[in-house]
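Q: Have a look at this one.
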Amino acid sequence: MPDKVQHGVILVGGGPAGLTAAIALAGAGIETALVGRRPGRPDNRTTALLAGSVTALKTLGVWDLCADQAAPLKAMRLVDDTGRLWRAPEVKFAANEIDLEAFGSNIENKHLVAALEQRARALPALRLIDDEVTRLSRVTTPSR
């Protein structure tokens, strides 16, 4: 039977959202464990980060680790891909129409996750566990 380890928070999922949450908690001094199996193949998708997300990553000390790999989102296009006979018209927005240089940034997930993992490894209150969760059991806290 494995040793029992106590943490203030245990998060499941080592993708961008899980890593970001773990970094925020551990950065606030909360003992945190992040359990997530690293993917067996590269994630070739990208993530569009609007300005608020970029600000959050800057605050957490992550953005400087990956900003050089990001591209500005200067335009957005909304397309109705519902397959309905009557579709909504395509709509385009340009950041400069509202005096912004960009709406945010687009970054390949492999670069974003690498930066998040680098920051996560630097936090003493964060333990990364490269494993999968196969069973969850109810955890109770002692009554006071």
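Q: Please get the size of the charge dipole for the chain, origin at its Cα centre, with Cβ charges of +1 on Lys and Arg and -1 on Asp and Glu, quoted in debye to the nearest 20.
A: Numbers: 18 positive and 16 negative charges, 106 e Å.
Dipole about the Cα centre, nearest 20: 500 debye.
Q: Using Cα positions and a limit of under 12 Å, work out the aspartates and glutamates in reach of Lys74, with same-chain residues fewer than 8 apart set aside.
A: The qualifying aspartates and glutamates are Glu97, Asp99, Glu101.
Q: Hey, another quick one. Which aspartates and glutamates, if any, have their Cα less than 16 Å from the Cα of Lys110, not counting same-chain residues under 8 positions apart?
A: Correct list for Lys110: Asp43, Asp64, Asp68.
Q: Which is farthest toward the positive dipole end of the range 26-144 among Val54, Ala75, Asn109, measuring Cα position about the Cα centre, with Cβ charges +1 (Lys, Arg) and -1 (Asp, Glu)?
A: The residue sitting most towards the positive pole is Asn109.
Q: Shifting gears a bit: Average projected area of the Cα convex hull of the chain, in nm²?
A: For the chain, averaging the hull's shadow over all directions gives 13.8 nm².
Q: With a 1.4 Å probe and all protein chains left in place, how much of the accessible area of the chain comes from carbon and sulfur atoms, in whole percent?
A: The computed percentage sits at 52.
Q: Would you please name the trypsin sites (Lys or Arg not before Pro) within the range 69-106 that are DSSP coil residues with at most 11 other C-beta atoms within 10 Å of their C-beta?
A: Here the trypsin sites (Lys or Arg not before Pro) that fit, given the DSSP loop and packing criteria, are Arg84, Arg87.
Q: With springs only between Cα atoms under 10 Å apart, run a GNM on the chain and tell me which of Glu31, Glu132, Glu108 wobbles the most.
A: Glu132
Q: What accessible area per residue, rounded to a whole number of Å², is obtained for the range 21-144 using a probe radius of 1.4 Å?
A: 74 Å²
Q: Which of the aspartates and glutamates could be linked to Lys92 by a straight reach, that is with a Cα gap under 14 Å, when you skip same-chain ones fewer than 8 residues away?
A: Leaving aside aspartates and glutamates fewer than 8 places away in the same chain, those within reach of Lys92 are Asp80.
Q: Out of the DSSP beta bridges found with both residues in the chain, what percent are antiparallel (nearest 5)?
A: Numbers: 11 of 19 bridges.
In the chain, DSSP labels about 60 percent of beta bridges as antiparallel.
The values are calculated or read from the model by the stated rules, or taken from the named source; none is laboratory data. Please read these numbers as outputs of a predicted model, since none were measured by experiment. We place every Cβ from the backbone using ideal geometry, glycine too, and count neighbours over all the protein chains shown. Areas reflect the complete protein model, heavy atoms only, side chains present, ligands, DNA and RNA absent. Shrake-Rupley method; radii C 1.70, N 1.55, O 1.52, S 1.80 Å.
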